[in-house]
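The values are calculated or read from the model by the stated rules, or taken from the named source; none is laboratory data. Just so it is clear, the structure is predicted and the values come from calculations on it, not from any experiment. Every residue, glycine as well, gets a Cβ built from its backbone with ideal geometry; the counts of neighbours run over all protein chains shown. Only protein heavy atoms, including side chains, enter the accessible area calculation; ligands, DNA and RNA are left aside. Shrake-Rupley method; radii C 1.70, N 1.55, O 1.52, S 1.80 Å.
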Amino acid sequence: MKKWLIVFVLLFCITGCKDTRTVEIPYENQPLKIAILGDTPDIQNKNITFEQISLDELNNNDKILSSKFNAIMITPSMFVDASQDQLSEVYHNIEIPIVFWNSNKAHYPFVNNKINYVNEKEVSLNNSPHSFDGMGQTHSTIFLYDIETEIENVWFFHLNERNELTKLYSEIFHKIEEITL
């Protein structure tokens, strides 16, 4: 009897247990290739490809990155390093959108000299009345500088409900597609 119970439990775990951390993202449009500076999101979509890059690659290869990728995503584990003054010029010269994922300080500490992620204040845009924290804070920001017109284009994204992460990813991927393709 014990033998069958063990076999049943093992069979259940093998067939029924899934990695619940991986999130399936609804995005069925054009394939996107996104450079990642930081931790790669644990998401799944056949049209989204991530490739790790280093700070040195970002700092020295902005033209190559612009031709190879549709966007760059910078995640919290790299915010302090990615907000160094010398990278501000890179963010203004790169020709693809930059996603500052889960930055409660938006794009400000990255694209402005003499401001870094440590000493910049949180940004509250208070235009999201149904946010889960009641403050309407921005979750992620897309930044794209137009070199010809010298205009900073910025899009803010909010995570209104903790369980709407898939919707947030989808909105960001659609915006990247709209901007770049």
Selection from segment 140-154 of residues without any contact (Cβ under 8 Å) to a residue 40 or more places away in the chain and either open to solvent by 70 Å² or more (accessible area, probe 1.4 Å) or not in a strand (DSSP E or B) (or both) yields 148, 149, 150, 151
Return the only residue of 36, 48 being touching a Ser or Thr at 6+ places or on another chain (Cβ under 8 Å), surrounded by 10 or more Cβ atoms within 10 Å (Cβ to Cβ), hydrophobic (A, V, I, L, M, F, W, C) and modelled with pLDDT of 50 or more. 36
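Among what's in segment 89-125 and is at positive phi and surrounded by 12 or more Cβ atoms within 10 Å (Cβ to Cβ), pick the residue that is modelled with the highest pLDDT.
Only one residue tops the list, namely 102.
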When residue 71 is evaluated against the numbered criteria (1) at pLDDT 95 or above; (2) under 19 Å from residue 114 (Cβ atoms), which criterion, by number, is the only one it fails? (2)
Which pairs do you get when a residue that is over 15 Å from residue 79 (Cα atoms), found in segment 24-42, comes within reach of a residue that is surrounded by 12 or more Cβ atoms within 10 Å (Cβ to Cβ) and among the small types (Gly, Ala, Ser), reach meaning Cβ atoms under 6 angstrom, with the pair 6+ apart or on two chains? 25/170; 26/170; 27/170; 34/71
Pairs under 8 Å by beta carbon, first residue without any contact (Cβ under 8 Å) to a residue 60 or more places away in the chain and under 9 Å from residue 85 (Cβ atoms) in segment 105-120, partner of a type outside the set (S, T, N, Q) and buried (at least 18 other Cβ atoms within 10 Å of the Cβ), six or more apart or different chains? 115/108; 115/109; 116/109
Those residues of segment 166-181 which are modelled with pLDDT under 90 and either buried (at least 16 other Cβ atoms within 10 Å of the Cβ) or of a type in the set (Gly, Ala, Ser) (or both) amount to none
Filter the helices (runs of 4 or more DSSP H) completely within segment 25-94 down to those with at least 2 residues that are closer than 24 Å to residue 120 by Cβ. 55-60, 79-82, 85-93
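If you scan segment 60-84, which residues turn out to be of a type outside the set (Asp, Glu) and open to solvent by 60 Å² or more (accessible area, probe 1.4 Å)? Give the steps one after another, and end with the answer.
First, pick out the residues of segment 60-84 that are of a type outside the set (Asp, Glu): 60-61, 63-80, 82-84.
Once the filter is applied, which keeps residues that are of a type outside the set (Asp, Glu) and open to solvent by 60 Å² or more (accessible area, probe 1.4 Å), segment 60-84 yields 60, 63, 64, 67, 68, 76, 77, 80, 84.
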